[in-house]
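*Asks:* Shown below is the structure under consideration.
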Amino acid sequence: MPSFDIVSEVELPEVRNAVDQASREVGTRFDFKGVDASFELNEADITVMAESDFQIQQMMEILKGKLVKRNVDIKSMEEGDIVETGKKATMKVVIKQGIEADMARKIVKMIKDKKMKVQTAIQGEKLRVTGKKRDDLQEVIAMLREAKLDIPLQFDNFRD
């Protein structure tokens, strides 16, 4: 039976490259001359540090631009609050990987509400969709691409 997986993954090497490019741009920009501003990447967390919240917002715009250029969906970023302590302001940005359980149930419900002839199974942080016809699976993919979800979805492991 044909099947495919619905996943939400981000390529971490691309994120690392985007953070490196954003760091370089912050280092060369005129409005950041003499300012202690930096990005710090720890696996799937990015810490943005600067002297004020306005500078952090400017740095986030730079980072988002670099991520978009590297084909990383910015919907996968979860921005924390800006914390100001003394002369430093920091912000934690988490790169979300995988589909959370409540979002997975929401996607399964969307597929079942359309009365499509497919079965959907939650397998950890991804969904497996199986059906008798390839056309049914392609309808599911088209329906999910049109849906306005808060996470980026990729469709892989398509098998006949």
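The values are calculated or read from the model by the stated rules, or taken from the named source; none is laboratory data. Everything numeric in this text was worked out from a predicted model, so none of it was measured. Methodologically, a virtual Cβ is constructed for each residue, glycine included, from the backbone with ideal geometry; neighbour enumeration extends over all protein chains shown. Side chains are part of the model used for accessible areas, which takes the heavy atoms of the whole protein and leaves out ligands, DNA and RNA. Shrake-Rupley method; radii C 1.70, N 1.55, O 1.52, S 1.80 Å.
*Asks:* Taking the options ASP135, ASP150, name whichever one is open to solvent by 50 Å² or more (accessible area, probe 1.4 Å) and more than 13 Å from PHE4 (Cα to Cα).
*Replies:* Unique residue meeting the criteria: ASP150.
*Asks:* Could we say that ALA101 is closer than 25 Å to GLU11 by Cα, aliphatic (A, V, I, L, M) and without any contact (Cβ under 8 Å) to a residue 24 or more places away in the chain here?
*Replies:* yes
*Asks:* Taking region 43-77 as the search range and keeping residues that are of a type outside the set (A, V, I, L, M, F, W, C) and assigned to a loop (DSSP other than H, G, I, E, B), which one is least open to solvent (accessible area, probe 1.4 Å)?
*Replies:* Result: SER52.
*Asks:* Output the number of residues of region 84-125 satisfying the condition of being under 20 Å from GLU43 (Cβ atoms) and within 20 Å of the chain's Cα centre (by Cα).
*Replies:* The number of residues fulfilling the criteria is 12.
*Asks:* Considering (1) within 14 Å of the chain's Cα centre (by Cα); (2) in a strand (DSSP E or B), say which one ASP81 fails and leave the rest.
*Replies:* Every condition holds for ASP81 apart from (1).
*Asks:* Condition first: open to solvent by 70 Å² or more (accessible area, probe 1.4 Å), over 19 Å from ILE151 (Cα atoms) and either touching a Gly at 6+ places or on another chain (Cβ under 8 Å) or not assigned by the TED database to the domain that holds ASP31 (or both). Can you find one or more residues in region 100-113 that meet it?
*Replies:* Yes, region 100-113 has at least one match.
*Asks:* Let me ask something else. What number of residues within region 1-22 satisfy the criterion of being over 14 Å from the mean Cα position of the chain (by Cα), over 11 Å from LEU67 (Cα atoms) and open to solvent by 50 Å² or more (accessible area, probe 1.4 Å)?
*Replies:* Within region 1-22, residues that are over 14 Å from the mean Cα position of the chain (by Cα), over 11 Å from LEU67 (Cα atoms) and open to solvent by 50 Å² or more (accessible area, probe 1.4 Å) number 1.
*Asks:* Could you figure out which of (1) of a type in the set (Ser, Thr, Tyr); (2) outside the structural domain of ASN17 (by the TED database); (3) free of Cβ contacts under 8 Å to residues at least 24 places away in the same chain isn't true of THR85?
*Replies:* Of the numbered conditions (1) of a type in the set (Ser, Thr, Tyr); (2) outside the structural domain of ASN17 (by the TED database); (3) free of Cβ contacts under 8 Å to residues at least 24 places away in the same chain, the odd one out for THR85 is (2).
*Asks:* Out of contact with any His (no Cβ under 8 Å at 6 or more places or on another chain) and open to solvent by 80 Å² or more (accessible area, probe 1.4 Å), is that true of ILE122?
*Replies:* yes
*Asks:* Please work out if LYS96 is open to solvent by 100 Å² or more (accessible area, probe 1.4 Å) and either modelled with pLDDT under 90 or in contact with a helix residue (DSSP H, G or I) (Cβ under 8 Å, 6 or more places away or on another chain) (or both).
*Replies:* no
*Asks:* Right, here's the next one. So, in region 28-42, exactly how many residues are of a type in the set (Ser, Thr, Tyr) and assigned to a strand (DSSP E or B)?
*Replies:* Matching residues across region 28-42 total 1.
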